[in-house]
Amino acid sequence: MNQPARDPYAALRHAGYRRFLTGNLLFNVGRQGLSVAIAWQIYQWTQSATALGLVGLVNVIPLGLLILPAGVMADRFDRRRIVIHTMWISALLSLCLAGFTAWPEVLPDAAPLRAANQVLRSIALLFERQADPASLHFDQPALPLIFLILFLQSAVRVLGNPARAAAQFAAARKLGAGTWKINGCPHDGGGLVALGGGKFGAVWQRAGEVFLATDTAEVSLGKGGQPVAMTDREGTLVVWQDATGLVARRDADGSKLAKQISGARFASIVSAPGGKGAVIAYERGEKGLTSIAVERF
């Protein structure tokens, strides 16, 4: 059977994904351009190679401090909201950077800013002992604020990265009414079935009885074990093994008898091409004379 050709651009056919991809691309291009511009501006102000190194340092510190909390936050909160909020905060911080670098003269030469500049100058002299101290200029009041904003931007980026990179999972919910405390395994099956519309169900055996759960409470289908399930255009199909062979039931809750196959066991089912019906494979025959049968229904 020829496999259908894969479409490498399938994701781009979704408008939401195109918007997300475009926004993320522009965000990253802008961030890289901002990093180059800020490094150039700081060197123009200070004439210090150490100041450029400090730009990298303030970007790395949040990575070490926040990477684990960022992962926890992405697991516990809505990741879309995290992405939206962190990108908005990053944009506002970028506007602050633009304002401080374009109009540094509006900032007062306050004592805390002078003290912060003196600390930065001392660090630069520690690493640039061969340089003429008079050639290093740490007198811009905006300089400490630039480093602070770079630190905050890096922190926001670290907090947002796990949410952008991780898959989105809904909150877990319990299917079925069983409350087993197990040392062994009273269940088997546990197969998942796609119901369409982003919804899923499950089928399993518990204490010799087969159950199906969709959006409603669990439904008992009958005695047996080793259940498997699938959906097609006609609804849900559940196949399991009982004392006489295989039983197949169909309908929204698996309640309509579709087929019985005596002497069969170990069923596997897949949707037929085009979603029209199902293909079932199973083992039959006595021990030592078994065969595999495949049929469509």
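For segment 269-280, enumerate the residues that are part of a strand (DSSP E or B) and either surrounded by 14 or more Cβ atoms within 10 Å (Cβ to Cβ) or of a type in the set (D, E) (or both).
I269, S271, A278, V279, I280
Conditions tested, residue by residue: (1) at pLDDT below 85; (2) among the acidic types (D, E).
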| site | (1), (2) |
| --- | --- |
| D215 | yes, yes |
| R233 | yes, no |
| V238 | no, no |
| A248 | yes, no |
| G254 | yes, no |
| L257 | yes, no |
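Can you tell me which residue is farthest from N59 (Cα to Cα) among those in segment 136-164 that are touching a Pro at 6+ places or on another chain (Cβ under 7 Å) and not in a loop (DSSP other than H, G, I, E, B)?
A142
Could you tell me whether any residue of segment 59-72 is over 25 Å from A37 (Cβ atoms) and among the β-branched types (V, I, T)?
Yes, because at least one residue in segment 59-72 is over 25 Å from A37 (Cβ atoms) and among the β-branched types (V, I, T).
So which pairs qualify, if the first residue must be in segment 125-154 and over 12 Å from S48 (Cα atoms), the second must be outside any helix (DSSP H, G or I) and at pLDDT below 90, the Cβ gap must be under 8 Å, and the two must be at least 6 apart or on different chains?
P141/L107; P141/P108; P141/D109; P141/A110; A142/L107; L145/L107
Identify, by number, the condition in (1) over 14 Å from P144 (Cα atoms); (2) touching a helix residue (DSSP H, G or I) at 6+ places or on another chain (Cβ under 6 Å) that W88 doesn't meet.
The single condition W88 does not satisfy is (2).
Within segment 12-39, how many residues turn out to be closer than 30 Å to L143 by Cβ, of a type in the set (A, V, I, L, M, F, W, C) and surrounded by 11 or more Cβ atoms within 10 Å (Cβ to Cβ)?
Going through segment 12-39 one residue at a time, the tally reaches 5.
Taking the stated definitions as given, is A142 among the small types (G, A, S) and farther than 30 Å from R80 by Cβ?
Here the answer is yes, as A142 does meet what is asked.
Could you list, ordered by first residue, the pairs with Cβ atoms under 7 Å in which the first is in segment 82-103 and without any contact (Cβ under 8 Å) to a residue 60 or more places away in the chain and the second is part of a helix (DSSP H, G or I), at least 6 apart or interchain?
C96/I149; F100/A142; F100/L145; F100/I146
Taking L68, is it assigned to a helix (DSSP H, G or I) and surrounded by 12 or more Cβ atoms within 10 Å (Cβ to Cβ)?
No; evaluated as a whole, the condition is false for this residue.
Tally the residues that are hydroxyl-bearing (S, T, Y) and over 19 Å from G196 (Cβ atoms), restricting the search to segment 269-287.
Residues in segment 269-287 being hydroxyl-bearing (S, T, Y) and over 19 Å from G196 (Cβ atoms): 1 in total.
So the check is Cβ under 9 Å with 6+ separation or different chains; which pairs have a first residue in segment 1-23 that's modelled with pLDDT of 85 or more and a second one that's surrounded by fewer than 10 Cβ atoms within 10 Å (Cβ to Cβ) and part of a loop (DSSP other than H, G, I, E, B)?
none
Which numbered condition in (1) modelled with pLDDT under 85; (2) outside any helix (DSSP H, G or I); (3) not aliphatic (A, V, I, L, M) is the only one that E105 fails?
(2)
Of L34, L120, which residue is farther than 17 Å from A165 by Cα, in a helix (DSSP H, G or I) and at pLDDT 85 or above?
L120
Could you grab me the full set of residues in segment 76-109 that are acidic (D, E) and over 29 Å from P162 (Cβ atoms)?
Matches in segment 76-109: E105, D109.
How many residues are more than 23 Å from V60 (Cβ to Cβ) and of a type in the set (A, V, I, L, M) if we restrict to segment 105-135?
Summing the residues that are more than 23 Å from V60 (Cβ to Cβ) and of a type in the set (A, V, I, L, M) in segment 105-135 gives 8.
The values are calculated or read from the model by the stated rules, or taken from the named source; none is laboratory data. Nothing here was measured: the structure is a model prediction, and the numbers come from that model. Positions of Cβ are generated from backbone atoms using ideal geometry, with glycine treated the same way; all protein chains shown enter the neighbour counts.
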